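Working notes, structure below.
The values are calculated or read from the model by the stated rules, or taken from the named source; none is laboratory data. Quick caveat: nothing in here was measured; it's all calculated off a predicted structure. Cβ coordinates were reconstructed from backbone atoms using ideal geometry, including for glycine residues, and neighbour counts include every protein chain displayed.
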Amino acid sequence: MMKYRLLILAFVAVNSLFSQIESVSPIQWYSRGEKTSNQYLPSKALGGTFNGQFTYLLDTLGLPFFDDFARDKFQHYDAAVGDPNVVVEHYNRMLDMTDVPLPWGTKYTDVQTYHLQIDTTNHTVDSTLLLTAVTFKWNDLSVYPVGTYATETGYPPFNIYDTINYPNPVDTIWLQDFVYEQDTADMNVVTVSDAGALWIDSQAFRNFNRAVDPWSLGVVTFDGLDEKGYPYAINTLEVDYADALTSKAINLNYPPSDSIYFTFLYQPEGFGDIPEAEDSLILQFYNVTDAVWQNIWSVSGSGVADFKIVHIPIKHANFLQNGFKFRFRNYGGLSGDLDNWHIDYVHLRRLSNITDTEIEDFSIVYPIPSLLKDFSAVPWKHFRNSPTGHMNNALKVKLKNASNQVANSSDAADLTIFHSGGIQGSFSFPGGLISSPNPDYFNNTVYNPTLDLSTGYEFDATLTNDTLADFDYIFKATEPTLTELSYLNDSTFGTQHFANYYAYDDWSAEAGYGLTTAQSLLAMRFTPYQGDSLVGVQMNFVPTVNDQSTKLFLLTVWDDNSGQPGTVLYQDDYFYPRSPIYEDGRDKFHNYYFKDTQRIYVSGTFYVGWRQLDDGKLGIGFDYNTNSSSNTFISPYTGGPWINSSLSGTAMIRPVISSKMDYQLGIKENTPIENIVAEVNLYPNPVQSGFTVESNVKFDRMEIYSLEGRLVAHFEETPYGDLTSMQTGIYLVRLVSKDGKTIATKKVIKQ
């Protein structure tokens, strides 16, 4: 089976030098951040016990079971000692025969030991006594739950030598190895009661941008990467079962006459890798009677297609019991982000029937990427100095109607913009009718309402921050006449982020992009709001089919020459080449600063990119959900002709502008902390689990507060916060200095 494929697209150009210079490939691996489903933490005990670990007693769900993946419904395993639902169970390795723990320090061996009396004058052993054996109960405490203790016989772990006519008449010689030694282990038992958490594992990846035209906001994607975003078997051709998405136990104790049905949607490939015919997506049910998983349904791989619906009755008594579970699995390549499948609208319910194939829902398809016209992010000081004319004048939101009725979005779609919790603006989208889908329900009718933000609204330019500013927004679209399956997917959250860079992409790489020949050039065009100095370039490199981290390139900046890259303003020399650096974390950018902390002044249009020194695609992250091909230029060699990229998407390259955040370059400030204006950036925001804080002022503690002022979490000496255990809502992040002063307070939205 061919697991590694390059999509080679030839340029439609006269010059044959452009042929096969440009390509994209599946992502090999990346980290998905803190998305853990481990039920046990690493052991902290020296004796190899389960001491310090956590085990979770998960609750059983009732019907209906439904997830459209618009919100996070995965069980998170993040309990801490002292939480009200955590009970510590204490165990001893060694007990006497009445189950009383033996004293701490008790040691025994499993071989007979002796008391010997030795005549040193005659060199004879006058007598030999057996040391007394002890019977006790033993468990090595390596496995939880703790089973039956074994009855063992042990002996003192030493031999006694009693010498006659010797200054030290009795010597105790200890054995080197003790087979039995008293130890203890504490297991932290977590009782879970959370009907909103449906899934016990998170190997499959919940996201908003990997599927093509999903029926609603959010899908779950299956690939060859584990829950941390690393391949199950990197640098191999191994093919096997990969991700699993497993439900909690469900009480399905109903008679067959209750007509239990299981429904879901699926799509192969999406914006990811094509699953071949040998690959498959599989649905399994847990046979409660026989305690085994059974294959119920599967489909072979194919190219991207519209989402299809699957509708399965559950009638067998082996399934209609308390303790029923189901899971999805994918079979495919294990070495990377390969053989993609996407599922949506997982629904298990009573009182259904064979004709009940309608999913009546009115939903948003994708999040809003940006409220700006040309970029997804710009430096705040640039917008602040030139706020006019940059708002999106054709903001589109894709909506879908999955019912068999005409849906009306009139007066039911609105956008609200916030800053620091206060409403900045509210807008209604023009309404319109959305007709019903095709009779097979495999397709939905799409409506794209458009809103012009360029008249009557600008982000508040009076904020004095030099570089950073965040404006949160919520878009809601409901259809009041429909009885919808889900209202969660009728709203989407976002943040218009102003940072120290310009960006086109949406922070999400679906593939790896690059040029295939040595000495070829890649340049991305930017026209900033004002002239300023560049200090470097952010790039998001992703490993693709091959690890390209040893390849070399020269970071390059060009000025403009009639709409194409012109004179080189900056280029690394051959003694200072760069190479792709894979950051630890999904969709993380690496900052490539100019040599010797140079600053390159640009005014008007400029271009950033590279001259690559080796053959082989470097694998810059490629975003399929935005299209900057008209601003992407390639050339086969220095001085050669330039043409636009032929691939629809965006290479994830961002020029970095000089700002007060230049502390990242290592420039030390002697200004006292109280005189520094703190510039704080928190991303991603909204957040599903973990987030990162950037600050130009050092902080020692991060505190998370609810809007009611209650401290709900804190993190010491780290820029990373975690809200996975928090309920959906708005929280305040307070950064505290070593002397207890508040550096800054930021708002974060938990989805």
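Some points to look at:
- Considering N188, N159, N235, the condition of being out of contact with any strand residue (DSSP E or B) (no Cβ under 8 Å at 6 or more places or on another chain) and either under 30 Å from E510 (Cα atoms) or assigned to a strand (DSSP E or B) (or both) is satisfied by N235 alone.
- Taken over the range 526-540, the residue count meeting the criterion of being of a type outside the set (G, A, S) and more than 21 Å from G619 (Cβ to Cβ) is 8.
- Top-ranked residue of the range 117-148 - restricted to ones that are at pLDDT below 90 and either of a type in the set (S, T, N, Q) or buried (at least 16 other Cβ atoms within 10 Å of the Cβ) (or both), ranked as nearest to Q53 (Cα to Cα): T128
- Unique residue being among the charged types (D, E, K, R) and assigned by TED's automatic domain parsing to the domain that holds F271 when the list is K400, K325: K325
- If you check F208, F222, F271 for being of a type in the set (F, W, Y) and in contact with a His (Cβ under 9 Å, 6 or more places away or on another chain), only one passes: F222.
- Out of Y624, Y637, sole residue that is touching a strand residue (DSSP E or B) at 6+ places or on another chain (Cβ under 8 Å), more than 22 Å from L569 (Cβ to Cβ) and of a type in the set (S, T, Y): Y624
- The residues on offer are V602, V608, V656, and the sole one that is touching a residue at least 60 places away in the same chain (Cβ under 8 Å), touching a Pro at 6+ places or on another chain (Cβ under 6 Å) and not assigned by TED's automatic domain parsing to the domain that holds T467 is V608.
- Only one of D452, D414, D460, D440 that is closer than 15 Å to S370 by Cα, of a type outside the set (G, A, S) and either modelled with pLDDT of 70 or more or surrounded by fewer than 17 Cβ atoms within 10 Å (Cβ to Cβ) (or both): D452
- Exactly one residue out of Y77, Y155, Y144, Y114 is in contact with a Ser or Thr (Cβ under 7 Å, 6 or more places away or on another chain) and closer than 30 Å to L488 by Cβ: that is Y77.
- Conditions (1) closer than 17 Å to S335 by Cβ; (2) surrounded by 18 or more Cβ atoms within 10 Å (Cβ to Cβ): number failed by S202: (1)
- Those strands (runs of 3 or more DSSP E) lying entirely in the range 522-599 with at least 2 residues crowded, with 21+ Cβ neighbours inside 10 Å and among the charged types (D, E, K, R): none
- Selection of strands (runs of 3 or more DSSP E) fully inside the range 680-751 by the criterion of at least 1 residues being β-branched (V, I, T), more than 21 Å from F205 (Cβ to Cβ) and touching a residue at least 60 places away in the same chain (Cβ under 8 Å) returns 680-683, 729-736, 742-750.
- Options L57, L61, L116: the member that is of a type outside the set (S, T, Y) and more than 26 Å from the chain's Cα centre (by Cα): L116
- Matching option when the condition is over 34 Å from the mean Cα position of the chain (by Cα), of a type in the set (D, E) and at negative phi, among D596, D573, D584, D614: D573
- Residue within the range 343-359 that is modelled with pLDDT of 95 or more and acidic (D, E) present: yes
- Some residue of the range 168-177 being free of Cβ contacts under 8 Å to residues at least 12 places away in the same chain, among the aliphatic types (A, V, I, L, M) and surrounded by fewer than 16 Cβ atoms within 10 Å (Cβ to Cβ): yes
- Qualifying positions in the range 243-270 - crowded, with 22+ Cβ neighbours inside 10 Å and in a loop (DSSP other than H, G, I, E, B): L252, G270
- Of all residues in the range 600-626, those being modelled with pLDDT of 95 or more and assigned to a loop (DSSP other than H, G, I, E, B) number 1.
- Residue among D240, D226 that alone is acidic (D, E), assigned by TED's automatic domain parsing to the domain that holds L198 and either buried (at least 20 other Cβ atoms within 10 Å of the Cβ) or at pLDDT 95 or above (or both): D240
- The residues of the range 209-223 that are part of a loop (DSSP other than H, G, I, E, B) and buried (at least 21 other Cβ atoms within 10 Å of the Cβ), listed by number, are N209, R210, A211, P214, W215, S216, L217, G218, D223.
The rows are residues; the columns are (1) over 22 Å from the mean Cα position of the chain (by Cα); (2) crowded, with 20+ Cβ neighbours inside 10 Å; (3) not basic (K, R); (4) not in a strand (DSSP E or B).
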| position | (1), (2), (3), (4) |
| --- | --- |
| Q294 | yes, no, yes, no |
| W297 | yes, no, yes, no |
| V310 | yes, no, yes, no |
| A317 | yes, no, yes, yes |
| S335 | no, yes, yes, yes |
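- Of the residues screened, A233 is not one that is closer than 19 Å to F69 by Cα and either among the aliphatic types (A, V, I, L, M) or not assigned by TED's automatic domain parsing to the domain that holds D279 (or both).
- Residue under evaluation V189, criteria (1) of a type outside the set (D, E, K, R); (2) crowded, with 19+ Cβ neighbours inside 10 Å; (3) outside the structural domain of R71 (by TED's automatic domain parsing), criterion not met: (2)
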